[in-house]
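Novice: I'd like to ask you about the structure that follows.
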Amino acid sequence: MNYTIAVLPGDGIGPEIVGEAVKVLDSVAARFGHGFEYTYAAVGAAAIDATGDPYPAETDKICREADAILFGAIGDPRFDNDPAAKVRPEQGLLRMRQSLGLFANLRPVKLHASLVDRSPLKREVVEGTDFVCVRELTGGIYFGERGRSADGDSAFDTCTYTRVEVERIVRMALELAMKRRRKLTVVDKANVLETSRLWRETAKALVAEYPEVEVDYMFVDNAAMQLVTRPSVFDVVVTENMFGDILTDEASVISGSLGMLPSASVGSGNALFEPIHGSYPQAAGKNIANPMATILSAAMMIEHLGLDSEGAAIRAAVEKALEEGIVTEDLAKKDTKTYSTSEIGSYICSQI
Ligand code: IPM
Ligand code: MN
């Protein structure tokens with residue numbers, strides 16, 4: 001089959017890690033007889049430099065027309081250190097999510113057997129960890145009204161959710177739980193926030209349709225603690241945008257490295273695949289960043305296109321690299337050789 005893939009490398013290490021994922025996709029295409037046609041588009045600081053806009057209309061068009069979108073990372077210290085900047089790279093990512101209706105962000109957290117000793121948690125705590133966080137992605141405080149008082153001395157950000165927004169994401173999480181171990185944890189702050197009470201009320205009404213799924217409700221502060229004390233108890237976790245942002249960064253290090261976690265952002269139409277880590281500007285251009293999260297995102301992408309054995313081939317090749325110690329410096333054992341970004345990509349291609 002032939003597929004059109006929109007490729008958005010973005011900032012920092014984005015171009016390098018996406019380059020390796022494209023190499024891997026080309027190996028998959030050759031081995032399984034598919035054609036991937038890539039259309040490159042600018043986003044983030046790279047797009048600001050080129051056009052003044054972090055999410056140009058041309059990029060939006062390319063994304064809409066593609067069968068799937070592969071994205072690298074966004075962010076640049078030039079903007080982080082300037083609180084007065086009016087145009088920011090991150091706005092590109094947020095506008096892209098909103099424009100393409102990508103309301104659900106699926107972040108699987110799975111411990112790779114060969115990385116158990118890389119986890120900051122004890123082996124007996126972390127073993128068996130395998131869950132998916134379903135993060136709401138186009139609502140809440142990220143997209144609410146915000147502003148400053150006239151004198152500039154007070155500021156506000158508002159968190160809003162509608163029942164429809166909550167229903168569609170909780171339903172997606174329930175459907176996912178049905179395909180997994182049938183356990184759902186709804187994370188909120190219903191003891192304080194009205195939006196959380198709407199989440200809980202809406203979830204409670206919906207779970208009645210899924211009697212096979214065991215559902216529990218957890219306050220976000222407790223969830224943050226449970227993630228590092230009993231991570232293996234989770235199966236599917238569903239939560240609002242900001243809680244999901246924070247909890248998934250926490251969850252990612254459990255698996256040994258932030259450089260390992262892929263993600264899918266999906267909605268009713270388009271779907272975008274990206275590593276959960278950021279643009280790691282200190283490593284940009286040095287060929288040292290771990291490309292595995294992006295390569296695993298490419299696996300999620302082709303599975304989304306229905307190419308399951310092809311996705312499995314990528315996953316097996318990544319596992320093999322981990323077992324053989326073909327890893328970048330973030331994962332290397334003390335006093336062992338570390339491999340470059342492009343060497344990892346080439347090794348994974350050779351295994352496909
Ligand atoms: C993420 C990132 C983004 C977010 C930033 C870059 C806007 O941290 O995808 O988790 O907060 O959603
Ligand atoms: Mn984040």
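The values are calculated or read from the model by the stated rules, or taken from the named source; none is laboratory data. Just so we're clear, the structure is a prediction, and the values are computed from it rather than from any experiment. Here the Cβ is made from the backbone with ideal geometry for all residues, glycine too, and neighbour counts use every protein chain on show.
Novice: Condition first: within 16 Å of ligand 2 (Cβ to nearest atom), surrounded by 20 or more Cβ atoms within 10 Å (Cβ to Cβ) and in contact (Cβ under 8 Å) with a residue 60 or more places away in the chain. Can you find one or more residues in region 171-187 that meet it?
Specialist: Looking for residues that are within 16 Å of ligand 2 (Cβ to nearest atom), surrounded by 20 or more Cβ atoms within 10 Å (Cβ to Cβ) and in contact (Cβ under 8 Å) with a residue 60 or more places away in the chain, one finds at least one in region 171-187, hence yes.
Novice: With the structure loaded, tell me whether residue 36 is surrounded by 21 or more Cβ atoms within 10 Å (Cβ to Cβ) and more than 16 Å from the chain's Cα centre (by Cα) or whether it fails that test.
Specialist: Yes, satisfied.
Novice: Residue check, residue 211 against (1) out of contact with any helix residue (DSSP H, G or I) (no Cβ under 9 Å at 6 or more places or on another chain); (2) surrounded by 14 or more Cβ atoms within 10 Å (Cβ to Cβ); (3) assigned to a loop (DSSP other than H, G, I, E, B), all met but one. Which one?
Specialist: Tallying (1) out of contact with any helix residue (DSSP H, G or I) (no Cβ under 9 Å at 6 or more places or on another chain); (2) surrounded by 14 or more Cβ atoms within 10 Å (Cβ to Cβ); (3) assigned to a loop (DSSP other than H, G, I, E, B), residue 211 fails exactly one: (2).
Novice: Here are 16, 58: which of them is outside any loop (DSSP other than H, G, I, E, B) and either over 24 Å from residue 283 (Cα atoms) or among the basic types (Lys, Arg) (or both)?
Specialist: Exactly one of 16, 58 is outside any loop (DSSP other than H, G, I, E, B) and either over 24 Å from residue 283 (Cα atoms) or among the basic types (Lys, Arg) (or both), namely 58.
Novice: Please specify each residue of region 227-243 satisfying the condition of being outside any strand (DSSP E or B) and among the hydrophobic types (A, V, I, L, M, F, W, C).
Specialist: 227, 228, 233, 234, 242, 243, listed by residue number.
Novice: Please work out which residue is farthest from residue 115 (Cα to Cα), limiting yourself to region 230-279 and to residues that are more than 12 Å from ligand 1 (Cβ to nearest atom) and among the hydroxyl-bearing types (Ser, Thr, Tyr).
Specialist: For region 230-279, the residue satisfying everything is 268.
Novice: Sticking with this one: Would a scan of region 22-31 turn up a residue that is part of a strand (DSSP E or B) and not acidic (Asp, Glu)?
Specialist: no
Novice: If you go through region 45-61 one residue at a time, do you hit one that is crowded, with 22+ Cβ neighbours inside 10 Å, within 23 Å of residue 301 (Cα to Cα) and more than 16 Å from the chain's Cα centre (by Cα)?
Specialist: yes
Novice: Out of curiosity, is residue 235 within 18 Å of the chain's Cα centre (by Cα), modelled with pLDDT of 95 or more, of a type in the set (D, E, K, R) and crowded, with 17+ Cβ neighbours inside 10 Å?
Specialist: yes
Novice: Same structure, new question: Select from region 242-290 the residues that are modelled with pLDDT of 95 or more, more than 16 Å from ligand 2 (Cβ to nearest atom) and within 27 Å of residue 228 (Cβ to Cβ) and list them in ascending order.
Specialist: If the condition is that a residue be modelled with pLDDT of 95 or more, more than 16 Å from ligand 2 (Cβ to nearest atom) and within 27 Å of residue 228 (Cβ to Cβ), then 282, 283, 289, 290 are the ones that fit.
Novice: On the basis of being away from ligand 1 (no atom under 16 Å from the Cβ), crowded, with 18+ Cβ neighbours inside 10 Å, within 20 Å of the chain's Cα centre (by Cα) and not aliphatic (A, V, I, L, M), does residue 303 make the cut?
Specialist: yes
Novice: Next up: Could you grab me the full set of residues in region 283-333 that are under 19 Å from residue 6 (Cα atoms), touching an Asp or Glu at 6+ places or on another chain (Cβ under 9 Å) and not in a helix (DSSP H, G or I)?
Specialist: Correct list: 291, 305.
Novice: In addition: Take residue 80 and decide whether it is surrounded by fewer than 23 Cβ atoms within 10 Å (Cβ to Cβ), within 16 Å of ligand 2 (Cβ to nearest atom) and free of Cβ contacts under 8 Å to residues at least 12 places away in the same chain.
Specialist: Spelling it out, residue 80 is indeed surrounded by fewer than 23 Cβ atoms within 10 Å (Cβ to Cβ), within 16 Å of ligand 2 (Cβ to nearest atom) and free of Cβ contacts under 8 Å to residues at least 12 places away in the same chain.
Novice: Right, another one. Please work out if residue 53 is among the acidic types (Asp, Glu), in a loop (DSSP other than H, G, I, E, B) and either touching an Asp or Glu at 6+ places or on another chain (Cβ under 6 Å) or in the same structural domain as residue 306 (by TED's automatic domain parsing) (or both).
Specialist: yes
Novice: Quick check on my filter: what residues within region 276-297 are closer than 12 Å to residue 263 by Cβ and among the aliphatic types (A, V, I, L, M)?
Specialist: Passing the criteria: 276, 293, 296.
Novice: Among what's in region 220-229 and is surrounded by 15 or more Cβ atoms within 10 Å (Cβ to Cβ) and either at pLDDT below 95 or farther than 21 Å from residue 144 by Cβ (or both), pick the residue that is farthest from ligand 1 (Cβ to nearest atom).
Specialist: Step by step, filter region 220-229, then rank; the result is 226.
Novice: Can we say residue 309 is at pLDDT 95 or above, buried (at least 24 other Cβ atoms within 10 Å of the Cβ) and out of contact with any Gly (no Cβ under 7 Å at 6 or more places or on another chain)?
Specialist: No; evaluated as a whole, the condition is false for this residue.
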